[in-house]
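These notes are about the structure you will find just below.
The values are calculated or read from the model by the stated rules, or taken from the named source; none is laboratory data. These numbers were taken from a predicted model, which means no experiment stands behind them. Using ideal geometry, Cβ is built from the backbone for each residue, glycine included, and neighbour counts are taken over all protein chains shown. With ligands, DNA and RNA removed, areas are computed over all heavy atoms of the protein, side chains included. Shrake-Rupley method; radii C 1.70, N 1.55, O 1.52, S 1.80 Å.
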Amino acid sequence: MSTCPVSANAAAFDPFGEDYQADPPASLRWSRDEEPVFYSPSLGYWVVTRYSDVKAVFRDNVTFSPSIALEKITPVSAEATATLAKYGYAMNRTLVNEDEPEHMPRRRLLMEPFAPEQLAHHEPMVRRLVREYVDRFADNGKADLVDELLWEVPLTVALHFLGVPEEDMATLRRFSIAHTVNTWGRPSPEQQVEVAENVGRFWQYAGTVLDKLREDPSGHGWMPYSIRAQREHPDVITDSYLHSMMMAGIVAAHETTANAAANAIKLLLENRVVWEEICADPGLIPGAVEECLRHSGSVAAWRRLVTRDTTIGGVPVPRGAKLLIVNSSANRDERHFDDTDEVDIRRDNATDHLTFGYGSHQCLGRNLARMELQVFLEELTRRLPHLELVPGQKFTYVPNTSFRGPEHLWVQWDPAANPERADPSILEARQPVRIGDRPNRTVSHRVTVLSAERAADDVVELTLAAADGKPLPKWSPGAHVDLELGDVSRQYSLCGDPADRTTYRIAVRKDPDSRGGSRYVHENLRPGSTLSLRGPRNHFRLDPAARHYVFVAGGIGITPIIAMADRVKATGGSYELHYCGRRASAMALLDRCRRDHGERLHVHCGTEGTRLDVAALLAEPAEGTQIYACGPDRLLAALEDASAHWPGDALHVEHFTTTQRVLDPGTEHAFDVELAGSGRTVRVAADQTVLAALRAAGVDVPSDCEEGLCGTCEVPVLGGEVDHRDVVLTKSERAAHTKMMACCSRARGGRITLGL
Ligand code: HEM
Ligand code: FES
């Protein structure tokens, strides 16, 4: 018997041990399943491992301060402290560890060089470098890709991006590793002094470079840009910031990317089929990069400081607690990603990964890193498709909590079979890198309607197949697709069999007030019609660990619910299915429910007097029971009220459209967006974001957080007043009404004009 609040697993957790070093998310599977927020006595940190909790912590940078992000995780010995003092080491706030209200104004002043159009200038240099390095070893038949390519190219790119003169690479590599160990490692007392020596010299080096740049800050690069910005805003961009950033910036831009590339290539070569797929079709590379960042990202964990008593995932955590938020574990959380250990380069939600963090501190350099990773993969898959890992090698990692990548990556190939020997034109082939694109989210598939059958009064069930006859992307119960229907795009839940990769099934109810979506489906789609489909995406996932499931569907809300009930039935789980409708003849898929779910099915029909008594259904909270509901707002609101005394995460709901989850058409108003460039006008419905309306009209605006936190979706405003709802813009920027975040902000009146 134990009265200790720390479980045996939590007590044994060691982020410097072999298991975590080899595979952080696998080593924390127990935590995701049993104890997703736990205190680690050996580390002195609370550890957070589930996707929803890690994201919630990233999202709220006031309750969870980033100030400790670069603190030394291992207490420093007196000797090491003295060594650091000798060099005047004074690493302080940069961006990544800066609190509000200082952080956002600084980030905004300095983000311009990361804009996609600015990054595009670096692509030729990245490509040239990768080619030169590959030239050096292409004929050797064997290479350590880390030593011969993946370390130096990102370092050179980082120096170039920062505007720092190229230095002795070996020295900078030593400095960078020392910084990693110093910040996130557990060096022995003897190692501490050596590490401190290198860190101190790195600090001094950063100071010298900064002084040199200050003499003439007119050159290219982010650091000269920052020095120039300091002249105008010395209170926002301080001397301490510049010196700290000079050092931290090299590490942020370099080691992260070198490690990410090594992880990605290792992972793809271990999954040969996938490697060969991208060799055959380089168009798959952006999706592969994102999936590698998800599966084996180079930042395994990050840190935050709790600033007030709060709860994370229902667990009380006190003010002053330090958090290790394990984003690599979140990235393999079964509650957010299907088949999480699998490498699926077409995964619809791979870009949801948290490897770049999330929210207002989200990595500024992510698109530069993505570009480098894409170029690495393109050049290697094209020039050395026959590359393989040297068998039997043991991968080693610099022991630390956060920066993760193999120290060496030995590969071999037969140089006689290098395709460029037979066909030198191969050297010229090249995929344009689309900077800032979110792969897979924007990929659309042409589909053909195989059948369109009446499924109930005013409901048609469509069976769709890929127009090119290829397998359709995987999906899981709860997923929806976006259909492009004339001028609008609408979301429909999939209700067929996920194991069937040849067809998708959806059921569409004709909405009498339809502005084109459901009416278009009913009036225009016939067997043989073709249309575009995006997705699938899943915002309504089943928690595989529930002990019992209560499924509640209202009307056409049966579509995601039936797929969920089918899944739980197939896995032998315990469940009940409540299906509510006004009259049986209007209830789609009712026969299928009766046939497949027999006694588990409870039909609640208004005309037959068997209406669902929501309060009675949820009277007794049951440990381990999860409720999944989809249907009209009235039903969902009743379920929310009736489950108020249930654990916080027991009820999961899906409104008919996902945008309604954030936008209440009862309180929002519709408006027009005029696009100055084309003179077009796009209508934004009351339950729609500007971003969604623009996309539905074929206008691509990049986005990331889609919650007003990151600034990616900024669009210029030329006329009209904006109802700003982001946290990115400053007060005076808001008042100027010259730009807005398309993902969340809206028009105050009936019209705004955008500079698009
Ligand atoms: C912040 C990861 C590449 C510059 C971050 C954060 C993470 C991260 C986890 C903290 C996010 C948060 O607190 O929410 C990565 C990974 C990379 C990468 C995995 C490569 C695969 C780069 C590159 C640059 C860069 C190439 C620069 C050229 C920054 C900056 C921040 C940051 C400036 C601070 C942003 C802020 O706090 O406002 N990165 N990074 N990173 N990264 Fe990266
Ligand atoms: Fe992040 Fe809009 S602010 S996408």
Item to check | Sites matching GluC sites (Glu not before Pro) across segment 51-117 that sit in DSSP coil, with at most 14 neighbouring C-beta atoms within 10 Å | outcome: E71
Item to check | Local electrostatic count, T730, Cβ distance below 12 Å [Lys/Arg +1, Asp/Glu -1] | outcome: +3
Checklist outcome for this item: Each label sits 7 Å from Cα toward the beta-carbon; between T681 and E623 the label points are separated, in nm, by 6.1
Next on the checklist: Within segment 272-396, what whole-number % of the accessible surface is contributed by carbon and sulfur, with the 1.4 Å probe and all protein chains included in the calculation?
Outcome noted: 54
Item to check | Positive dipole terminus of the chain, leading residue within L269, L377, L729 (C-beta point charges) | outcome: L729
Checklist outcome for this item: The local net charge around S7, scoring Lys/Arg +1 and Asp/Glu -1 for residues other than S7 whose Cβ lies under 10 Å from its Cβ, equals -2
Item to check | Nearest-ten-degree value, helix 169-184 long axis tilted from longest Cα axis of the chain | outcome: 60
Next on the checklist: Going by Cα centres, segment 447-485 and segment 182-211 are how many Å apart?
Outcome noted: 58
Checklist entry - Working out 0.36 nm times the residue gap between E733 and S444, then minus their Cα-Cα distance, what length gain in nm do you get to one decimal? => result 100.5 nm
Next on the checklist: Counting C-alpha atoms alone, how compact is segment 95-141: give Rg to one decimal and Dmax as a whole number, in angstrom.
Outcome noted: 18.0, 54
Checklist entry - P(r) tail for the chain, what percent of Cα pairs lie past 44 Å? => result 29
Checklist entry - Which of the listed residues, G313, A330, G283, is farthest toward the dipole's positive end in segment 281-373, when Lys, Arg count +1 and Asp, Glu count -1 at the beta-carbon? => result G313
Checklist entry - Which lysines have a Cα less than 24 Å from the Cα of K86, not counting those fewer than 8 places away in the same chain? => result K72, K212
Checklist entry - Between the helical axis of 123-137 and the dominant principal axis of the chain, each derived from Cα atoms, what acute angle in degrees is found, rounded to the nearest 10? => result 70
Checklist outcome for this item: In degrees rounded to 10, the 0-90 angle between helix 189-215 Cα long axis and the longest Cα principal axis of the chain is 90
Checklist outcome for this item: For the chain, the dipole about the Cα centre with charges only on Cβ (Lys and Arg +1, Asp and Glu -1), to the nearest 20 debye, works out at 1120
Checklist outcome for this item: Restricted to the chain, the DSSP antiparallel beta bridge percent, nearest 5, is 70
Next on the checklist: Between R319 and A584, what's the calculated FRET efficiency when r is the beta-carbon distance and R0 is 41 Å? Round to 0.05.
Outcome noted: 0.15
